[in-house]
Amino acid sequence: HTVPITAEELAAHWEVFRGIPAKALVDVAGCLRIVLVGKGLQVVEQGKVLNSMYLIRSGTLSISVNGKEIGTRTRGETVGETSAFATTAANYPDLSLRLSTSLKQPEGATTVSACELLEYRSQDMHLHLKLNPFLARRIQMAATRSNHNAAFEGAVEARHALQQPGGLDRGLISGDLLPGEQHVEAGGVRRSMAVPCSEEELQQMPLFAPMNEADRRDLAASIRIVIVGEGVEIVEQGATNESLFILRSGRCAEYVNRTRGIEKGDGMTVGEVAGLNAACKRRQDLVSRITLPPKNTETVLSLTACELLEVPVEALSNIIGSDLMLGRRLLREANNTIARSAAAGSAGAVNC
């Protein structure tokens, strides 16, 4: 049966659809099918190849790997996206999608309560992903996150997830590279450089929304997508960095002298103190006007798997030279971080 769901509901409750044009969401909503499942029933089986993913509209599902529960998912989340996306990528080569996960589902899902699910079939997904590459990237990111979490729990199906033995960098994800991508080592952390984000995506973010379209387009072309798992050190107190990060999804926490501070969520900046300082040093018209600590005044660790937009200082330097209001917004964020760090006893912030 056709699911009585609106484009507005998709955009409001499922992260994978956030920022997708309304017309595209109307098409997606029209293809979804409702599935009602009772308590204690298996929806997704580990090791199986799936032709559908499911959006959780109500209820809770238990996620398991090798028979062990690793978490739960509820309204606004998805199950089966890893295998369903890989199946779509393999069956429809015209999409030119990267097959970054195994065709086999790396985790199972069983209902903890009665659930209402929305089935998103591969044949429908194919048409929507072909017309909207940003939606393809969103679903791929969700699939990669699930693949990583399953790999960390020992799922042999999650063959593309990067597992580092011990240390905080165990959570980083890597996959096959798209044309023009590369891997870099920075501060002991391996980051996967992904395709540039879109100007439309930046327009949805309060930090970048006031910019003119041309500047946003230039900035989008230079941004790289970074995916990290839980417990990864993104920036380190007392260290310099050559990038500024915008949290796209997930949660992070600030630490000063190993004492936990505020949490950061979607759209918030990470590494803005050292990143903005490095960008200003590249501009003679700004180096004497803006004084910031050269090193991070706090450490930021991921509390969950996160997607971040990495803005290299070269691109940041160019853009704040033409958009001083963006520079002011970033400076305000940096000053807030410095104030929090100083209050917590960070020497680098107190001496600023």
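The values are calculated or read from the model by the stated rules, or taken from the named source; none is laboratory data. Computed from a predicted model, the values in this text were never measured in an experiment. As a convention, Cβ positions derive from the backbone with ideal geometry for all residues, glycine included, and neighbour counts pool all protein chains shown. When the accessible area is computed, the model is the full protein with side chains, heavy atoms only, and any ligands, DNA or RNA have been set aside. Shrake-Rupley method; radii C 1.70, N 1.55, O 1.52, S 1.80 Å.
The per residue volume of the convex hull around the alpha-carbon atoms of the range 17-159 is 90 Å³.
For residue 303, nonlocal amide neighbours, meaning residues 5 or more places apart or on other chains whose placed amide H falls under 5 Å from its own, are 231, 251, 252, 253.
Computed with a 1.4 Å probe over protein heavy atoms only, the accessible surface of the range 201-352 comes to 42 Å² per residue. Working from label points 7 Å from Cα in the Cα-to-Cβ sense, the residue 42 to residue 328 distance is 6.0 nm.
Take the Cβ atoms of residue 291 and residue 222, set R0 to 25 Å, and the FRET efficiency comes out at 0.45. Viscosity 1.002 mPa s, temperature 20 °C: give me the Stokes-Einstein translational D for the range 24-89 in µm²/s, with Rh taken as the Kirkwood radius over C-alpha pairs. Diffusion coefficient, whole number: 163 µm²/s. Put the Cα centre of the range 47-118 next to the Cα centre of the range 299-329 and the gap is 32 Å.
Computed on the Cα trace of the range 4-62, the radius of gyration divided by the Kirkwood hydrodynamic radius gives Rg/Rh = 1.00.
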